[in-house]
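Asker: Following this message is one structure expressed as structure tokens.
The values are calculated or read from the model by the stated rules, or taken from the named source; none is laboratory data. These numbers were taken from a predicted model, which means no experiment stands behind them. Glycine also receives a Cβ, built like all others from the backbone with ideal geometry; neighbour counts cover every protein chain displayed. Only protein heavy atoms, including side chains, enter the accessible area calculation; ligands, DNA and RNA are left aside. Shrake-Rupley method; radii C 1.70, N 1.55, O 1.52, S 1.80 Å.
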Amino acid sequence: MISHKFNGKESRALKEMSENIVKKKFSDAKILRVNVISSDWKEERALEYTDTTRTAIRYRITRSVTGQVAAKRGGDCFLYTTYMGKNRRSDGSWGQYYGHIMFTDRMLEKNVNK
């Protein structure tokens, strides 16, 4: 696993979010270790359509980080790489966290703490 790099005030909340993303998808997952592997927020600004008919456009500002979760399911151990982000609201505040699993890799349990 990549070591924990994020030291901002939201570090704990991001770790919990990453863990919850995995637990939501795999309720049987036993979480072994969680790291936020981004050192800081990555910000993206985009002018984009909001629907497939291309009738409405929005300007979106999103900030995101990447996490890693080592979890055991049954006799197998997996490394889940997660995306976590939040969008800026029109009043300048940040919305709720959201996220998903980007990648899943098998790993040896002995490598979890390396």
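Asker: Within the group G92, G75, which residue is without any contact (Cβ under 8 Å) to a residue 24 or more places away in the chain, open to solvent by 60 Å² or more (accessible area, probe 1.4 Å) and out of contact with any Phe, Trp or Tyr (no Cβ under 7 Å at 6 or more places or on another chain)? Lay out the reasoning, then the answer.
Answerer: On the way: G92 fails: open to solvent by 60 Å² or more (accessible area, probe 1.4 Å).
Of G92, G75, the one residue that is without any contact (Cβ under 8 Å) to a residue 24 or more places away in the chain, open to solvent by 60 Å² or more (accessible area, probe 1.4 Å) and out of contact with any Phe, Trp or Tyr (no Cβ under 7 Å at 6 or more places or on another chain) is G75.
Asker: List the pairs whose first member sits in region 27-43 and is open to solvent by 60 Å² or more (accessible area, probe 1.4 Å), whose second member is assigned to a strand (DSSP E or B) and of a type in the set (S, T, Y), and whose Cβ atoms are under 6 Å apart, counting only residues at least 6 apart or on separate chains?
Answerer: K42/S64
Asker: With respect to I57, determine if the residue is touching a Ser or Thr at 6+ places or on another chain (Cβ under 8 Å), open to solvent by 90 Å² or more (accessible area, probe 1.4 Å), over 19 Å from R73 (Cβ atoms) and aliphatic (A, V, I, L, M). Let's see the steps before the verdict.
Answerer: Details: touching a Ser or Thr at 6+ places or on another chain (Cβ under 8 Å): yes; open to solvent by 90 Å² or more (accessible area, probe 1.4 Å): yes; over 19 Å from R73 (Cβ atoms): yes; aliphatic (A, V, I, L, M): yes.
Taking the combined requirement at face value, the residue satisfies it.
Asker: In region 73-87, what count of residues is obtained for those that are in a strand (DSSP E or B) and either hydroxyl-bearing (S, T, Y) or more than 18 Å from S38 (Cβ to Cβ) (or both)? Steps first, please.
Answerer: Kept after step one, since they are in a strand (DSSP E or B), are these residues of region 73-87: 73, 76-87.
This time we only want the ones that are either hydroxyl-bearing (S, T, Y) or more than 18 Å from S38 (Cβ to Cβ) (or both), so: 73, 76-78, 80-83.
Looking only at that region, the number is 8.
Asker: While we're on this one: Test K23 against the criterion of being in contact (Cβ under 8 Å) with a residue 40 or more places away in the chain, open to solvent by 30 Å² or more (accessible area, probe 1.4 Å) and not polar (S, T, N, Q), and give yes or no. Spell out how you get there, then give the answer.
Answerer: Numbers: in contact (Cβ under 8 Å) with a residue 40 or more places away in the chain: no; open to solvent by 30 Å² or more (accessible area, probe 1.4 Å): yes; not polar (S, T, N, Q): yes.
Spelling it out, it is not the case that K23 is in contact (Cβ under 8 Å) with a residue 40 or more places away in the chain, open to solvent by 30 Å² or more (accessible area, probe 1.4 Å) and not polar (S, T, N, Q).
Asker: Can I ask one more? Can you confirm whether region 11-21 contains a residue that is part of a strand (DSSP E or B), within 16 Å of G85 (Cβ to Cβ) and touching a strand residue (DSSP E or B) at 6+ places or on another chain (Cβ under 7 Å)?
Answerer: Taking region 11-21 as the starting set, the residues that turn out to be part of a strand (DSSP E or B) are none.
No.
Asker: Sticking with this structure for a sec: If I ask for residues that are hydrophobic (A, V, I, L, M, F, W, C) and either in contact with an Asp or Glu (Cβ under 7 Å, 6 or more places away or on another chain) or part of a loop (DSSP other than H, G, I, E, B) (or both), which ones from region 62-72 would you list? Before the answer, list the steps.
Answerer: Going through region 62-72, the residues hydrophobic (A, V, I, L, M, F, W, C) turn out to be 65, 69-71.
Within region 62-72, just V69 meets the criteria.
Asker: Hey, among the residues in region 95-114 that are under 17 Å from the mean Cα position of the chain (by Cα) and polar (S, T, N, Q), which one's most open to solvent (accessible area, probe 1.4 Å)?
Answerer: So the first thing to find is which residues in region 95-114 are under 17 Å from the mean Cα position of the chain (by Cα), and the list is 95-105.
Subset that is polar (S, T, N, Q): 96, 104.
Numbers: Q96: 143, T104: 75 Å².
Only one residue tops the list, namely Q96.
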